[in-house]
Each structure stands twice: as structure tokens, then as C-alpha cells.
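Written out below as C-alpha cells is the structure these notes cover.
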Amino acid sequence: MSFESALATLIVHSDGETQHLQVDVGTCVRDALDTTAIRVRAACGGTGSCGACVIKYLSGAVNPATLAEYQKLSASERQEGLRLACQIRVVGDTEWLLEHPAHVSSWKSIAPEDLIPVEGQLPELQHFIYGLAVDLGTTHIRISLWNRKTGQRIANRSGFNPQSVFGADVLNRLNAALLTDNRSLEMAQLARQAVLEALRDILARDIGEVSPMLKEIGSVIIAGNTAMLALLSLNGANQLLNPDNWQQPIDCLPLGHDTWQSEWNLPNAKIKLEPALAGFVGSDLTADIIGTRLTEAAGASLLVDIGTNTELALWDGHRLLVTSVPGGPAFEGVGIRNGMSAEPGAIYRVERLDDGHSLKLSTLGAATARGFCGSGLIDMIAILLESGTLKPSGRFSQNPGPDGFLAEAENPKTAVTPGDVDALQRAKAAIATAMETLLTNSGLTWESIERLCVCGTFGRHLNIRHAQAIGLLPSLNNDKIELYANATLAGCEKALLSDGISLFDHYAALTQVINLSYVPGYDDLYINNLRLRPIEMHSVINT
Amino acid sequence: MLDDIINHYNEAVFDTDKEAAFEVIDNALAEGYTPEDIIFKVVIPAINEMMAIITKDPDANLAQHFMTAQIASEVTEKMLLQFKSPPEIVGRVVIGTAVGDLHSLGKRIVSGCLKAMMVEIIDLGVNVAAERFVDEAIAHDAQVIAISAMMVHSATGENGCRKVRKLLNEQGLESRIKIAVGGAPFRFDPELYKTVGADAWAADGISAAKTIVDLIHEVNAK
Ligand code: B12
Ligand code: FES
């Protein structure tokens with residue numbers, strides 16, 4: 001059922017730490033490490049020209065030294081087992097020692113299989129041919145640098161939004177920013193600095209020059225949810241707390257553009273903050289629509305971007321109905337006793353073994369389990385439901401007591417409590433009800449949906465069958481459900497490659513915003529959807 | 001006998017099974033209990049019982065709270081129609097969500113439980129201005145203003161509960177009208193109700209009903 005690609009284990013020791021990575025045979029060692037916290041030093045894009053990515057062979061099967069390595073490493077160095085990480089391809093299980101790692105950075109590369117290939121109508125360019133795409137998320141910031149002339153993605157980075165210290169959800173963030181002008185400036189600068197830092201990391205490691213390259217960047221496209229845009233630009237945050245403003249676009253474009261340009265040291269770049277669609281419907285949703293090509297299918301298509309603030313778009317063939325719903329934080333671990341984001345040690349998958357009751361937990365980085373990220377929690381609850389340990393009402397058939405239900409004996413970090421189940425029920429009900437409301441509003445039923453694009457938090461780890469069993473996703477045929485890890489970034493990238501026409505404005509003009517707070521009956525449906533059971537697929541549409 | 005009815009009714013409610021709950025009530029009526037008995041000897045004691053259960057098992061989930069309230073208020077409404085003489089009202093409460101807040105569920109649950117406890121509810125809806133809370137409380141001679149707020153800024157903002165307190169104070173109404181608050185932010189910080197100037201708060205709809213009835217008695221005792 002799964003594709004049989006040969007896997008090998010790559011083990012790397014550095015500074016007393018060890019990374020165990022499961023990689024496809026043929027994977028480049030530098031690329032594999034770039035997705036982790038232990039990175040090799042680098043100053044070229046892995047072309048073998050800088051010689052910085054030195055790493056020491058311990059054992060295992062890899063390709064022989066390349067020409068570049070003969071040029072950059074002396075015979076005695078090669079004798080010692082030194083190699084250039086960017087030149088090594090994994091052939092079988094192999095083990096390495098990285099004596100001089102790059103300084104620790106919070107910026108990591110996104111795994112290539114998590115990226116959406118992007119093509120565009122390449123702009124005619126003579127100067128400033130580089131472009132930067134920025135997905136400014138509440139939890140993560142993701143950027144990628146492009147050569148707009150050749151349509152080539154040079155590199156990308158993903159890291160945490162440093163504003164998180166001021167609150168996990170958008171409202172806490174807005175409240176913090178509105179406290180004082182200084183605080184909002186501080187928060188704006190945190191995000192701006194983070195983007196710059198990620199960009200410098202790319203330039204230093206993947207091109208080898210920083211300052212001269214900054215001048216060559218001609219375009220920056222930034223998308224994000226409304227609150228993130230407002231916090232970045234220092235404009236619009238106060239309007240966001242007033243419900244009267246939620247139905248229409250909120251002006252959160254930067255007031256002083258030039259100051260920003262000099263802050264980022266990008267003298268030649270056109271910086272574009274893509275405008276939000278409404279109060280809590282940001283341009284990240286527009287980017288998702290572009291990135292997933294939502295409007296290109298013949299039939300109706302539904303997109304849901306599950307995050308701290310979940311956003312939805314329904315394409316009915318003519319227009320895009322969009323809305324937002326606050327169902328996300330639970331899936332990012334907020335309010336869950338052992339909840340955590342997708343970091344090393346997070347249980348991202350739970351399976352029931354053939355014996356019918358023992359559980360197999362998979363953690364990120366194959367580390368000791370430290371808690372559940374969203375996809376792991378959904379697996380866990382679906383399995384408990386399947387085995388009858390949980391009732392559809394969300395109650396445990398036998399009270400697990402104050403320690404909760406342990407997925408792994410003697411590891412309290414694998415406990416699930418009744419309170420966690422309640423939090424998950426509330427979150428999934430809010431999202432399911434939002435989907436149903438969009439369908440009802442356009443007179444559609446689930447049967448007419450050709451594509452369901454699921455973006456955001458879960459990436460590609462989500463077990464669709466489990467998400468269906470608890471009623472988070474509808475029971476559509478599997479071939480209609482598409483999981484995307486980086487749709488927002490892809491949307492920005494596509495816009496970067498289509499100079500001239502603004503893709504964002506084009507799609508914004510097709511949207512119609514629905515505010516769920518004003519939808520009569522939302523709350524009744526919501527209560528109905530709290531039950532852990534598949535979404536009702538044949539619901540009658542009342543007109 | 002009555003204990004059995006209460007137990008069965010509570011079991012059904014706890015399992016969020018509305019049909020089963022109504023079946024218990026119908027059977028009780030068939031056995032000769034009057035609508036008055038149902039309210040005063042089953043529904044109200046059942047809510048009290050439920051409160052005890054929830055104190056012991058704080059993990060009762062949202063669906064259960066909602067169903068408790070929904071079933072109790074539906075049963076009450078049905079029974080009230082059959083009362084021989086109009087029931088005696090414990091008191092009056094104006095309820096609504098704080099200004100800027102459109103989350104209506106907390107208010108619905110609290111109202112449902114209060115109705116079942118024979119409290120008259122004046123529902124002001126969502127996004128209610130402080131002035132309106134006070135004006136309506138005066139107009140209806142209510143003993144309590146109940147404010148539900150699900151978001152931090154609507155719970156703590158200058159125009160929410162704080163302003164209601166200020167208005168009551170300016171108009172010398174503080175001994176006649178009490179303020180109860182509730183909603184997610186108050187559950188995270190049990191001292192928050194004091195900071196925003198409320199007289200009481202409750203963590204769930206069922207205890208809210210008791211807290212509010214206590215406030216009514218406090219005002220009426222004066
Ligand atoms: C459903 C929901 C919605 C629905 C509301 C539908 C409706 N008609 O009510 C919709 C989709 C419309 C919505 C919109 C928004 N929401 Co909302 N919503 C939720 C959600 C998922 C559940 C809230 C709920 O109904 N709880 C049910 C109540 C009844 O549960 P409870 O708190 O346990 O209530 C008990 C007690 O508090 C007590 N009680 C309640 N009221 C009172 C009153 C008194 C007097 C007393 C004594 C007791 C009492 O009794 C209750 C019953 O037992 C929560 C997240 C969550 N998982 O809880 C977010 C949440 C409340 N929403 C949030 C946000 C941000 C929003 C939006 C701004 C976002 C958006 N994307 O549009 C808008 C704002 C709308 C507005 N102006 O109010 C945030 C608030 C964050 C914060 N830090 O303040 C939350 C916490 C989610 C999050 N973490 O981001 N939301
Ligand atoms: S030589 Fe390997 S990264 Fe430059």
C-alpha cells in the first residue's frame with residue numbers, strides 16, 4: 001500500500017548529540033541535515049565550491065568522493081575520512097561525525113517532499129532578478145528565495161515566529177500589542193528581524209554572499225493572516241478587535257514603506273504585503289487558493305487551512321466563499337495536557353498493532369515521546385474510539401483517573417485525559433460546522449465536492465481515515481482528499497513568478513466573506529458536531 | 001421511587017441522550033406525578049445532583065453541560081404549560097454576552113439551567129453594551145446582570161463588565177443589582193472576576209445557576 005522506496009538510516013554525531021534519520025537511498029547528507037538542528041557549515045548552495053561542509057566518515061555505504069572533494073580536500077584529509085557533506089549520497093545505513101557544526105540556528109530547510117512544485121509565467125527581467133516569498137504564520141514563518149529569471153527555487157527556510165512569547169493565538173498577540181506602542185513596535189520588529197535572519201541564513205549558506213545579494217532582490221511577497229499582517233505593519237490591530245470591521249478587508253498595509261526597506265537593507269525590492277480579505281480571513285488563505293490551484297477543478301472544491309486560526313474557502317465554480325473559525329490551537333497542542341507542536345519527540349502517528357490492543361507510537365526524530373502533536377492526538381483518539389475505550393459522547397467508558405489514559409506504559413507524557421478529549425471535540429466541531437455552513441450557503445452537498453484540500457498544521461502526516469472517524473474531515477473518497485504542507489508558501493511563490501498581474505487581487509475579487517458569528521443555527525450544529533462520529537454526509541439542505 | 005426517576009433521568013442526561021431523558025419524564029407523568037412534581041422533585045434536584053457529580057468529576061464535557069441545560073429547559077418549558085397555577089418565580093436575571101463578543105453558547109447553557117431553576121430570564125442577546133445591561137436590569141427589576149465573555153479582551157475590556165460596575169456604582173444600584181460573569185477567560189484565572197468588578201463567577205452552566213440563585217437571594221434578603 002505504501003510506495004516501496006528503499007530507506008536507510010543516517011546517523012550523525014555532533015557535540016555529544018546524535019541524529020538518527022530515516023532517509024531515502026540517494027539522499028544528500030547535507031540536505032538531510034539541513035532539516036534538523038545539527039547542520040553542516042556551508043557557504044555555497046551545495047555545489048562543492050566552498051569546502052565548508054566537512055564531515056567525518058565513521059561507517060556505512062555511500063558514494064565515492066567526487067571531483068569537487070578531490071579539489072577541496074587534501075589527500076591526508078581524505079585519508080582521515082573527511083568528506084564534503086553536500087557531495088555524499090546515502091547508499092545504505094551509515095554513520096558520521098560532525099566535528100565543526102554550523103552555529104545553531106532556528107532556521108531549517110523544509111523537507112523537499114513537503115514542497116509544492118511551482119511554475120509561473122516568468123517575468124522579463126534584467127535587474128534584481130531574485131525574489132523572496134514569505135509565509136508569515138502565527139506559529140511558523142516560512143520563506144523561500146527564487147531566481148525569478150530562471151524560475152528556480154534557490155533555498156527555503158522554516159522557523160518559529162518569535163512573537164509566540166506574547167501568546168499562542170492571534171487575539172492574545174493582538175491584546176499584547178495593543179498594550180503600549182512600544183510593545184507593538186517590539187513585536188513588529190521581532191517578526192521583521194526573523195524574516196531577515198532567515199534570508200541571511202539562506203544567502204550565507206546557499207549563495208555565499210550576503211550584503212551584495214540583498215541588493216539583487218527585486219521583489220518580496222508576504223502573505224499571512226490578518227492579525228499577523230497588522231502586527232507586522234503596525235497598522236490595523238485595533239480595528240481587528242471590533243466585530244463591526246470583520247466583514248470587510250482591513251487596511252493593514254505598512255504606513256512607512258521606506259523605513260522598512262532600509263530596515264531590511266533591500267534597496268531595490270518592491271515589498272508587497274498581500275492584503276487580507278477580512279477581519280480574520282487573511283491573505284494566507286488567498287495564497288492557499290493559488291498554491292493548491294483550488295479554482296482549476298471542474299467541480300466544486302473546498303479548502304481548509306487548519307492552524308491557530310483555521311480558514312476555509314469553498315469554490316463553487318463561480319465564486320469563493322471564505323470564512324474563518326477558531327478551531328486550531330488544540331491541534332497545535334494548546335490546551336492539551338501533553339500537547340506540543342511538531343518538534344522532535346512529538347508523537348505524530350499512533351497505530352494499533354495486529355494483536356488488536358498494543359499501540360505503536362512514532363515520534364519525530366525517533367526521539368523518546370514527549371507529547372502529542374495534532375496528527376498523533378487524532379490517531380490516538382480515533383483508536384480509543386474504535387476500541388470502545390472512548391464513547392462517541394467523548395466520555396471514557398472507564399474513568400482513566402487523574403493520570404489519564406497512558407498510550408505507553410509508564411510514560412506520563414503519553415497520557416490522554418478527558419479534558420483533552422473535550423478540547424479536541426470543541427476544535428473539530430468548530431471546523432466541521434464551518435465546512436457544513438459553507439456548503440449550505442452555496443446550496444451544495446458533500447457529494448458535489450470534487451476536491452478537499454487540507455492545508456496547515458498537519459502537513460502530510462494526517463491519517464485521513466482517523467480524521468474521518470472522529471468527524472474532523474468528511475468521509476469523501478480518498479482520491480478527493482489532498483494534503484498540503486506548504487500551500488501558503490507556494491501561493492506566494494507563484495505570485496513572485498507572475499510579475500505584472502497580481503494573482504492575489506484577482507482571487508480576492510472572487511471572494512465573498514461569511515462571518516460565522518452571524519449564521520443562525522451555527523451553535524446548534526456545533527453542539528451536534530461535538531460527538532465523535534463521522535460527519536453526516538447526506539445532510540438535507542434547508543433553503 | 002423518586003430516587004430511581006432522578007437517577008435514570010441523570011443517567012440519560014449524562015449520556016447526552018435527550019430521547020431517553022424525555023422517556024423518563026413521560027413515564028413519571030404516566031405514573032401519576034404532576035408537572036409540578038417533575039420540576040420541583042425531579043428536574044431541580046437532578047440539576048443539584050449533577051452539580052455534585054461535576055464537582056467530583058470536573059471533566060464533564062461541553063456536550064454534557066449543553067445537554068443538561070437544553071434538556072432541563074425543554075422539560076421545564078413543557079411542564080410549565082401544564083402547571084395548574086403560574087409558578088412562583090425565584091427572581092429575574094438579564095443575561096447577554098459582553099460587548100464585542102458574539103459567542104452565544106455559554107449564555108444559552110446558563111439560561112437553560114436558570115430557567116429550570118424557576119428563574120425568569122431576560123435574554124439581551126450578544127454584543128451587549130454596558131448601558132443596555134443596566135437599563136434593562138432596571139426596567140425588568142432584575143436582581144442579577146449575567147455577562148458571558150469567551151475572549152480575553154471582551155472579558156477584561158473597559159467597555160464590558162468593568163463599565164457595568166461603574167454604571168451601577170454611579171447610579172447607586174450596587175446593593176439592588178449584582179453582577180455574575182463567566183466564560184473561558186474566567187476559568188483560566190479564578191481571580192479575574194474580582195479584577196473586572198463582578199460579584200461572582202462560575203466555571204460551568206450548572207454551577208452558574210446555583211451561583212446566580214444565591215445572588216438573587218442575597219439581594220432579596222436586603
Ligand atoms: C465555537 C467558537 C466560536 C463560534 C461561536 C459560535 C457561537 N454562536 O457561539 C464562532 C465560529 C462564531 C467563533 C468566532 C470567533 N472566535 Co471563537 N471559539 C469557539 C470555540 C471553539 C468554542 C467556544 C464555545 O462556544 N464554548 C462553549 C462554552 C459554553 O464553553 P465554556 O467556556 O466551558 O462555558 C461554560 C462556562 O464558561 C460557564 N459560563 C459561560 N458563560 C457564562 C456566563 C455566566 C454569567 C456564568 C456565571 C458562567 C458562564 O458556563 C458554560 C457552560 O458550562 C472556542 C475555543 C474552545 N475550544 O473553547 C473559540 C474561542 C473562544 N474563539 C476565539 C476567537 C479568537 C474567535 C474569533 C475572534 C476568531 C475568528 N476566527 O473569527 C471570532 C470572534 C467572534 C466574536 N466576536 O465573538 C478564541 C478566543 C481567544 C482569546 N484569547 O480570547 C477561542 C478561545 C479560540 C482560540 N483559542 O483561539 N468562535
Ligand atoms: S562545499 Fe558543500 S556546501 Fe559548499
Quiz prompt | Ranked order, A:Trp260, A:Trp246 - accessible area, probe 1.4 Å, largest first | solution = A:Trp246, A:Trp260
Practice problem: At a probe radius of 1.4 Å, figure out the B/A buried accessible area, summed over both chains, and give it in Å² to the nearest 100. | Solution: 1900
Quiz prompt | Between 0 and 90°, nearest 10: helix B:205-221 axis offset from chain B longest Cα axis | solution = 70
Exercise. Could you pull out the pairs from B:Lys56/B:Lys210; B:Lys56/B:Lys194; A:Lys108/A:Lys215; A:Lys149/A:Lys215; A:Lys428/A:Lys480 whose alpha carbons sit more than 18 Å apart here?
Key: B:Lys56/B:Lys194; A:Lys108/A:Lys215; A:Lys428/A:Lys480
Quiz item: Which distance in nm do the two modelled labels at A:Ser387 and B:Leu80 give, with both placed 7 Å along the Cα-to-Cβ direction?
Solution: 4.7
Quiz item: In nm, to one decimal, how far is the modelled label at A:Glu77 from the one at B:His217, with both set 7 Å along Cα→Cβ?
Solution: 8.4
Quiz prompt | the protein assembly as shown: proportion of alpha-carbon pairs further apart than 38 angstrom, % | solution = 46
Exercise. Determine the order of A:Ser341, A:Ser76 by accessible area, beginning with the largest, at a probe radius of 1.4 Å.
Key: A:Ser76, A:Ser341
Quiz prompt | Summed residue charge, Cβ within 12 Å of A:Cys50's Cβ, Lys/Arg positive, Asp/Glu negative | solution = +2
Quiz prompt | Whole-number accessible area per residue in Å² for the range A:329-417, which is evaluated in the context of all protein chains at 1.4 Å | solution = 45
Quiz prompt | A:Lys108 accessible area, 1.4 Å probe, all protein chains in place, Å² to nearest 10 | solution = 70
Practice problem: Would you work out the charge dipole size for the protein assembly as shown about its Cα centre, treating the Cβ of every Lys and Arg as +1 and the Cβ of every Asp and Glu as -1, and quote it to the nearest 20 debye? | Solution: 1580
Practice problem: Go ahead and collect, in residue order, the members of the range B:109-130 whose backbone nitrogen is under 13 Å from a label point 7 Å along the Cα-Cβ direction of A:Asn515. | Solution: B:126-128
Exercise. Along each of the three principal axes of the Cα atoms of the range B:91-220, give the extent in whole Å, ordering the values from largest to smallest.
Key: 32, 32, 25
Quiz item: Per 10 Å bin, what is the whole-percent P(r) computed from every C-alpha pair distance within the range A:263-340?
Solution: 17, 36, 26, 17, 3
Exercise. With a length cut of 27 Å (Cα positions projected on each helix's long axis) and a Kyte-Doolittle mean of at least -1.0, go through chain A and give me the DSSP H helices that pass.
Key: A:181-202, A:418-441
Exercise. List the residues of the range B:70-116 that lose 40 Å² or more of accessible area once all protein chains are present, compared with their chain alone (1.4 Å probe, heavy atoms only, no ligands or nucleic acids).
Key: B:Leu102, B:Leu105, B:Arg108
Quiz item: Hey, with R₀ at 56 Å, roughly what FRET efficiency would B:Lys18 and A:Ala65 work out to, going by the Cβ-Cβ distance, to 0.05?
Solution: 0.15
Quiz item: Between the helical axis of B:2-14 and the dominant principal axis of chain B, each derived from Cα atoms, what acute angle in degrees is found, rounded to the nearest 10?
Solution: 60
Self-check item: Heavy-atom accessible area per residue - the range B:181-222, 1.4 Å, Å²
Solution: 46
Practice problem: Please state the charge dipole magnitude for the range A:155-236, taken about the Cα centre, from unit charges on C-beta atoms (+1 on K and R, -1 on D and E), reported in debye and rounded to the nearest 20. | Solution: 60
Self-check item: Amide H within-cut-off set for A:Thr35, under 5 Å, with H built and near neighbours excluded
Solution: A:Ser109
Quiz prompt | Residues of the range A:401-425 buried by at least 30 Å² on assembly (accessible area, 1.4 Å probe, chain alone as reference) | solution = A:Pro418, A:Asp422
Quiz item: Taking all protein chains as present, what is the carbon and sulfur share of the accessible area of the range A:7-97, in % to the nearest whole number, probe 1.4 Å?
Solution: 49
Quiz prompt | Radius 13 Å from Cβ of A:Gln152, net charge of other residues (Lys, Arg +1; Asp, Glu -1) | solution = 0
Self-check item: Exposure rank, largest accessible area first [A:Thr36, A:Thr9, B:Thr55; 1.4 Å]
Solution: B:Thr55, A:Thr9, A:Thr36
Quiz item: Residue farthest toward the positive end of the dipole of chain A, with Cβ of Lys/Arg at +1 and Asp/Glu at -1: which of A:Leu444, A:Ser164, A:Leu33?
Solution: A:Leu33
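The values are calculated or read from the model by the stated rules, or taken from the named source; none is laboratory data. Nothing here was measured: the structure is a model prediction, and the numbers come from that model. Every residue, glycine among them, receives a Cβ derived from its backbone with ideal geometry; neighbour counts consider all protein chains shown. Ligands, DNA and RNA are excluded from the accessible area calculation, which covers all protein heavy atoms including side chains. Shrake-Rupley method; radii C 1.70, N 1.55, O 1.52, S 1.80 Å.
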